[in-house]
Structures are given as C-alpha cells and as structure tokens.
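Just below is one structure, and these are the notes that go with it.
The values are calculated or read from the model by the stated rules, or taken from the named source; none is laboratory data. Please read these numbers as outputs of a predicted model, since none were measured by experiment. With ideal geometry, Cβ positions are generated from the backbone for all residues, glycine too; neighbour counts draw on all protein chains shown.
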Amino acid sequence: MAMANGITLNFILAIFFGLLTAGVNAVAVITQHIASNRLQGSGRGARVVIDLIKQPLWWIGWIALFGSLLFQALALNFGPVGLVQPLLISELMLALLIRRLWFHQNLQKTTVASSFFVTIFLVMFIVLATPSSGDGKTTSSTWLYLLLSCSIVIAALVLGGQRGSARRRAGFFGTATAISWALNAVLIKELTNSVGLHGYLGSLTHWPVYAFIVCGAVGLYCEQVALYIGPLSVSQPCIVIIDPLVSVVFGVVVFGEHWHGGTTRLISGIVLLIAISISSWFLIESTPETMSPTSSAA
C-alpha cells in the first residue's frame with residue numbers, strides 16, 4: 001500500500017518492528033549480562049548453567065530474546081534486510097535509556113553526543129540510502145556457499161576464543177555472535193518466504209526452518225559465552241556493529257537488494273553505514289562499564 005511521498009505501509013511497519021526488536025534486544029542483553037556477572041568465578045560448564053537457571057533476570061532475558069525474534073521476523077517480512085538490520089543499532093540508545101531510568105546512571109557528555117549522532121545518521125540512512133527489496137528469488141548454490149563460508153568463519157572464531165584474555169575471548173565470541181545473527185536474519189527472511197509458499201506445516205519439509213534452528217542455537221551459545229566472559233565494552237561493539245554491516249552484504253548477495261539511484265546512492269549508503277559504526281563505537285566506549293549508578297566508561 002503506497003502512502004505519501006512514496007512511503008509504503010510495509011516500509012513503516014518494517015521500521016516499527018525493527019525498532020521494537022532493538023528495544024527488546026536491549027532488555028535481553030542487559031538482564032542476561034547482569035545475571036551472568038553475578039556468577040563470575042562460580043565455575044564453568046553445567047554448574048554455570050544450573051546457577052543461571054535459578055536467576056529470574058536470566059529468564060526475563062530469554063523471554064525478551066524470544067520477543068525480539070518474533071519482532072525481527074515481522075520486520076523482515078515487511079522490509080529488506082538492508083533496512084531492518086541497521087535499525088538494530090538503535091539498541092545502543094535504548095539500552096542507555098534503560099540504564100538511565102532503571103539504574104539512574106549519570107551519562108557523560110560524550111555518550112549523549114554520540115547517541116545523538118547515531119540517531120541522526122540512522123535517520124539519514126533510512127530516508128536517503130535504504131536499499132530496496134530484491135526480487136526475492138534465491139538459488140541453492142548461493143545459500144550453499146553462504147552457509148559453508150559462515151560455518152567456517154564462525155568455527156574459526158569459536159576456536160580462537162578458547163584461549164587468551166577475557167577481552168580477547170569476548171571479542172572472538174562477540175564477532176561469532178554477530179555473524180551468526182546476520183546469517184540468521186537472512187534465514188528468517190527465507191523462512192518467512194517458505195511459510196508464505198508452503199504454509200506452516202509445509203515449511204517443515206524444507207531446509208530453511210532447520211538451518212534457522214541450527215544457526216539460532218549457535219548464535220545463542222556464542223552470545224551467552226560472550227556475555228559471561230565480558231566485558232560489554234568488547235562484546236557489544238562486535239555484536240551491534242558487525243551484525244548490521246554483514247547483514248547488508250548478505251541481503252545484497254542472497255536477495256539481490258540494491259540501491260536505486262546508481263552509484264551516488266550506493267556511496268551515500270556506505271558512507272552513512274560507516275558513520276553509524278564509528279559513532280556507535282564512540283557511544284559504546286563512553287558508556288559505563290557496569291550497571292552501578294556511579295559507573296564511568298571503561
């Protein structure tokens with residue numbers, strides 16, 4: 001349905017559900033990070049899992065993750081990957097709002113300024129440089145190459161995260177999480193297409209639903225490890241910044257999403273994505289490391 005100035009109802013719904021996804025993600029990350037931090041030094045393996053299950057905040061985080069998955073599926077149903085995934089960077093600003101209202105944290109001027117620039121660049125990207133939806137047609141060979149290459153990269157990152165300092169390990173697992181979520185985003189879109197063609201029961205006889213389950217499980221594992229190892233100042237930039245950038249590439253490769261207006265709009269989109277990433281990095285760097293009201297940036 002077309003609306004004023006060429007804006008469609010689907011476009012508005014994609015933004016709405018994308019922002020809902022970001023907000024619920026912020027709740028999930030904060031609650032699960034707090035729950036994980038409470039168990040620092042309590043052991044490893046099954047003992048940690050058992051202790052986490054006993055924490056209400058951990059369960060709230062899981063409920064929020066389920067909600068974010070639902071909202072993301074709706075957003076991707078209405079809009080292209082290249083629009084929905086960059087919106088998830090707004091999670092950073094929404095997390096700051098939660099920190100301010102819930103934990104009464106005092107935020108630095110740099111944090112507020114960075115948040116302002118992230119918002120401005122996101123709005124500019126949505127208005128000026130959002131890629132258009134592709135034809136929706138995908139090929140088995142493209143999916144095979146994408147799944148194999150992502151599996152190799154994620155496996156290498158997980159192996160690299162087995163040793164070293166906590167910051168190094170958090171960085172490896174955070175990056176693995178970002179790539180998993182980027183792959184999961186295009187799998188969600190493919191799954192919604194499969195459901196549209198074959199119905200809910202019919203989609204169970206096709207591969208996207210099972211690839212989505214496996215990829216989701218890998219992403220959840222990597223995210224839980226990254227949050228447990230900490231600190232957020234390392235894992236969060238990897239997850240929040242790398243995910244949208246990789247997702248845009250995946251949207252182009254898999255679904256043929258593209259920029260109308262030729263080279264100028266393409267360059268504008270790339271520049272704005274880089275500007276969003278840089279301002280997001282400054283935002284995270286100036287964000288308080290802990291949830292204490294008197295915390296300062298790491």
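Just one of (1) crowded, with 23+ Cβ neighbours inside 10 Å; (2) part of a loop (DSSP other than H, G, I, E, B); (3) touching a Pro at 6+ places or on another chain (Cβ under 6 Å) trips up His104, so point out which.
It is condition (1) that His104 fails.
Mind listing whichever residues of region 229-260 are of a type in the set (Gly, Ala, Ser), outside any helix (DSSP H, G or I) and either within 15 Å of Ser133 (Cβ to Cβ) or touching a Pro at 6+ places or on another chain (Cβ under 8 Å) (or both)?
Gly256
Val225 is checked against (1) of a type in the set (A, V, I, L, M, F, W, C); (2) at pLDDT 85 or above; (3) in contact with a Ser or Thr (Cβ under 7 Å, 6 or more places away or on another chain) and fails just one. What number does that condition carry?
It fails just one condition, (3).
Suppose we filter Ile229, Ile242, Ile276 for residues that are β-branched (Val, Ile, Thr) and surrounded by fewer than 21 Cβ atoms within 10 Å (Cβ to Cβ); which single one remains?
Ile242
Which members of region 158-192 meet the condition of being crowded, with 19+ Cβ neighbours inside 10 Å, over 14 Å from the mean Cα position of the chain (by Cα) and farther than 21 Å from His33 by Cα?
Residues satisfying the conditions are Lys189, Glu190, Leu191.
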